[in-house]
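The values are calculated or read from the model by the stated rules, or taken from the named source; none is laboratory data. Since we're looking at a predicted model, the values are computed, not measured. No Cβ is skipped: glycine too gets one built from the backbone with ideal geometry, and neighbour counts run over all protein chains shown.
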Amino acid sequence: MTDTVSAMPLGFDAQGFRERAYRHDPDHAFGAEPAHLGHGDHVLNPGMVSGLVGAKLREAAVLVPVTDTGPDAQVILTRRAAAMRQHSGQVAFPGGAVDPEDGSVEIAAMREAEEEIGLDRRFVEPVGRLPVYMTTTGFRITPVLAVVRPGFKLTRNPAEVDEVFETPLSFLMDPANHRRESRVWEDIERHYYVMPYDGHQIWGVTAGIIRTMYERLYA
């Protein structure tokens, strides 16, 4: 992939992330597939996701929060509460359904982050978006890229989140850490990425979004 984003010097601080996000066009397709199908684990499951095109999916947003913490920025992730109805116990970005009163996916993502982990939106600077990620559970997710300024505090909502942790951006943007696996789900073999880190299994939608971020911003 040759463009102004990938041609930038490789670095993993918040400013470098911000500049890459600013230059990124989430609607631009680099191949034959539409932007939202041409990256991440959608590429690994063309038969599964092609059936979602044109389907009525609920709009959702997640915040991809990158902390401004020196030369090796961190990405805030959560482990969903075991009692949650969907994706219980999985590693996730803070986020959820977009409500009509939100007005934008950025506001929805920041609102959800406040509700789930107590991240005050005054510390959050949205800097871009990734292509939408469609799920077989009926959601059309917009990942909102954001830089989190120093001074923030986190307080998890135990009804939704069992744990909050940080992972180095440099680790997540290293393709050597993107392991491909598969399993049979509803009689269909689904392929996906797994990124084990410090006892956490980052996989599924979250790993798919991370892989897309790598391919769009850092590859």
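Taking the criterion of being at pLDDT below 80 and closer than 30 Å to Ser182 by Cα, the residues of region 3-33 that qualify are Ser6, Phe30, Gly31, Ala32, Glu33. Sub-8 Å Cβ pairs linking a first residue in region 9-20 that is over 14 Å from Leu145 (Cβ atoms) to a second residue that is of a type in the set (Phe, Trp, Tyr) and crowded, with 20+ Cβ neighbours inside 10 Å, at least 6 apart or interchain, are Leu10/Tyr218, ordered by first then second residue.
Residue count for region 72-86 satisfying the condition of being under 26 Å from Ser170 (Cβ atoms), of a type outside the set (Lys, Arg) and modelled with pLDDT under 95: 1. Taking the listed residues Arg140, Arg190, Arg211, Arg216, the one that is more than 15 Å from the chain's Cα centre (by Cα) and either charged (D, E, K, R) or assigned to a helix (DSSP H, G or I) (or both) is Arg190, with no other qualifying.
Out of Arg111, Arg156, which single residue is part of a loop (DSSP other than H, G, I, E, B), at pLDDT 95 or above, buried (at least 17 other Cβ atoms within 10 Å of the Cβ) and not acidic (Asp, Glu)?
Result: Arg156 is the single residue among Arg111, Arg156 that is part of a loop (DSSP other than H, G, I, E, B), at pLDDT 95 or above, buried (at least 17 other Cβ atoms within 10 Å of the Cβ) and not acidic (Asp, Glu).
Inspection of region 170-178 finds a residue satisfying the criterion of being surrounded by fewer than 16 Cβ atoms within 10 Å (Cβ to Cβ) and not aliphatic (A, V, I, L, M).
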